[in-house]
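The structure appears right after this line, and notes come after that.
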Ligand SMILES: [Zn+2]
């Protein structure tokens, strides 16, 4: 298994589409959020240890949701119309839940990239 490491853009796209970061064909999840152990196509073991993704998930979550939420809460002080604040907050909470598998896939792709570059994966 000495395939070249896919570029970061390819890895992120595969993660976003919930596909195996190595081959891009195997599914990451069995149901909505249940992560498979191995890729059914190329056999890549997705995670060495349970909990390996927490650091990446925190990073992706902060970049995508926490900073915009902080900005929203900050600007709430200057928005006299409460309706928009609650509408946007509701949309963000829905997006936070709906995109959980996609964010997990992106985190897994980043973890794969680090494992390949550090030599943990051949
Ligand atoms: Zn695969």
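Quick notes on this one:
- Subset of the range 13-55 (residues that are touching a residue at least 12 places away in the same chain (Cβ under 8 Å), more than 19 Å from residue 122 (Cβ to Cβ), within 16 Å of the ligand (Cβ to nearest atom) and under 13 Å from the mean Cα position of the chain (by Cα)): 14, 15, 16, 17, 18, 19, 28, 29, 35
- Residue in the range 90-107 that is within 17 Å of the chain's Cα centre (by Cα), away from the ligand (no atom under 16 Å from the Cβ) and outside any helix (DSSP H, G or I) present: yes
- Residue in the range 58-65 that is over 18 Å from residue 112 (Cβ atoms) and over 18 Å from the mean Cα position of the chain (by Cα) present: no
- The range 29-58, residues that are in a loop (DSSP other than H, G, I, E, B) and touching a helix residue (DSSP H, G or I) at 6+ places or on another chain (Cβ under 9 Å): 32, 33, 44, 46, 47, 48, 52, 53
- Exclusive hit being closer than 22 Å to residue 35 by Cα and surrounded by 15 or more Cβ atoms within 10 Å (Cβ to Cβ), set 121, 100: 121
- Taking the range 1-12 as the range and being within 13 Å of the ligand (Cβ to nearest atom), without any contact (Cβ under 8 Å) to a residue 60 or more places away in the chain and farther than 14 Å from residue 106 by Cβ as the test, only 3 passes.
Taken together, the values in this text are just the output of simple stated rules run on the coordinates, not laboratory data. Owing to the predicted nature of the structure, the values given are computational and were not obtained by experimental measurement. In this analysis, Cβ positions are derived from the backbone assuming ideal geometry, glycine residues included, and neighbour counts consider all displayed protein chains.
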